[in-house]
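Reading through the structure tokens given below for one structure.
Bear in mind that the values in this text are calculations on the coordinates, not laboratory data. None of the values given here were measured: they were computed from a predicted structure. Ideal geometry is used to build each Cβ from the backbone, glycine not excepted, and the neighbour counts take in all protein chains shown.
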Amino acid sequence: MTPIGTPTTARPTRTTEPAPGGFNAERIREDFPVLKLKVNGKPLVYLDNAATAQKPRVVLDALRKFYETECANVHRGLHWMSEEATRDYEESREKVRQFLGAADVKEVIFVRGTTEAINLVAHSFGRPRVRAGDEILITAMEHHSNIVPWQILCEQSGAQLRVAPINDDGELLLDEFEKLLSPRTRLVAVSHVSNALGTVNPVAQIIEMAHRRKVPVLVDGAQAAPHLPVNVRELDCDFYAFSGHKLFGPTGIGVLYGKAQWLEEMPPYQAGGDMIRSVTFEKTTYNSLPYKFEAGTPHIAGVIGLGAAVDYLSRVGLARAAAYERELLEYATERLRRIPDARIIGTAREKAGVLSFVLEGIHPHDVGTILDQEGIAVRAGHHCAMPVMDRFQVPATARASFAFYNTPQEVDALIAGIEKVKEIFS
Amino acid sequence: MSEVRELYQELIIEHSKKPRNFGKLDGADHEATGFNPLCGDKVTVYVKLDGNVVREIRWEGSGCAISSASASLMTERSKSKSLTETDALFQIFHKLVTGGELEEAETAQLGKLAVFSGVKEFPVRVKCATLAWHTLRAALEGTKTVTTD
Ligand SMILES: Cc1ncc(COP(=O)(O)O)c(C=O)c1O
């Protein structure tokens, strides 16, 4: 059996045609060493992919190869290893460009993750142009990292944060959203997929509505990039952010895509080496894109590892994987629905990857602890989305989140685990 | 008994479902609210002192089974106890849930609180078990809010 991750099974990059059936998750699992782990004497059932995804061997190998054979700084050495490292680093940028469908590699900025990407935009795009009385528009289902940077920006500028409401299924109310777009709106910041609810937002429509009023849009793609094919040019978003670690890549690396026209105008986010062209004590000129936004020695290994993850995904075929995940989520939803006293939080028509739920009379943390004893990793908590918890009037939820290496048998294990929770609390 | 059964002993489940001394205490002379940011647990403890003795104690809040049962059992145990006794009991309880060595006399003092012995196998849940106690201490010291961080 040849694991998907080996180059011999390489397929053309990024298929967008409908998924053919017969996705082989068992075979995919072979590519992920950690999935063989036992936890508390039981096979690990990893259902916390929305927090971070596991890494295929090809990513681990890429990290090792960098440190063992070409560990050098980038963009500054004349020696052989530095050239190798620089080449791999920049090749990863090209891979990410293709992955996102961006027009130019200079629109791909490496950052620490989604959080840093959003902060970069709040700082370099927001601060210079947002004034007192202006508005930033977000939605009621955002992750804290797509709320707090805007709150700070609003505090500093005297602008107002507006929040588009959601319905009881966890779907954005598009009409309300549109009404909130005003002549004072300077930016829309919206998640592509909600990490707490799993809702897939109609970002193409949102972007169109905003653009009709000349309002730029940032899309938080942290939960979307691992689950849906994304094309930033088709979406026409102004900014797109995602995290490598949720995309089967290393931690500490992520991407901000920005339209070149904006990035050119924006002042640097951090200052230091690499982001300059020339420095005297009187005047500094900045480097060109994308380097203007990559001050200091970057996470070189992380970038190279992310490139390997993107390669891996294109071999797996994200569209096929997405179709498989959709079936898995439907199966899990169907089974959970049949458990009395289970309430699913987030029942949008369009969902990806996430099954958030509460059990009547049982706190999600107790659910999490008992499932953990069964080797099942879920997240219990507010998922960095406290306003979502308030909206649904729950203190927290338990959340199972899926990746394409999860199987129906793992869903069965989850359901059996939930039955056990209920038994303990009966 | 499996570790998880050890943690969720019947008495804990029972107290979490039917908490004792639950609800606001009118005329409390000491009160504080404690938060456990990890779980989102929230516990408010109300105390009426009579000199150095806890005359009445009630609590309200929401949280996981461990934190609710702990608050419930704590209020049961600290009623009519002196402040020194309450404090000593907290210290023993803390040792119990963090896996410290208990002397025989200490074990004897625990009484029903011994049902929390399973917590020591679950380090992330220690804060759930101690939240109510920290909050009681804060109330008595006159601090209004505490967190387990
Ligand atoms: C929707 C969403 N946005 C932003 C983030 C923040 O990502 P990171 O912590 O990788 O910066 C997350 C991660 O949980 C997320 O799910």
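Overview of results
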| quantity | calculated |
| --- | --- |
| GluC sites (Glu not before Pro) restricted to region A:343-376 and DSSP loop, no more than 16 other C-beta within 10 Å | A:350, A:360 |
| Cα shape, chain A, gyration tensor, a/c 1.5 rule | oblate |
| Under 5 Å, built H, 5+ apart or other chain: amide partners of residue A:376 | A:45 |
| Region B:28-35 - phi-based ³J(HN,Hα) in whole Hz, Karplus 6.51/-1.76/1.60, Gly and Pro as x | 5, 9, 9, 7, 7, 10, x, 10 |
| Cβ-based exposure ranking for A:284, B:44, in which fewest neighbours within 10 Å come first | A:284, B:44 |
| Within region A:59-315: Cβ-based charge dipole about Cα centre, in debye rounded to nearest 20 (Lys, Arg +1; Asp, Glu -1) | 580 |
| FRET efficiency, 1/(1 + (r/R0)^6) with R0 25 Å, evaluated for residue A:76 and residue A:270 via beta carbons | 0.90 |
| Packing-based exposure ordering (other Cβ within 10 Å, fewest first) of A:191, B:117, B:68, A:182 | A:182, B:117, B:68, A:191 |
| Exposure proxy ranking, count of Cβ atoms within 10 Å, fewest first, for A:237, A:154 | A:154, A:237 |
| Lys, Arg +1 and Asp, Glu -1 on Cβ, resulting dipole of the protein assembly as shown about Cα centre, debye, nearest 20 | 520 |
| Top of A:99, A:23, A:357 by mean-square fluctuation, Gaussian network on chain A, Cα under 10 Å | A:23 |
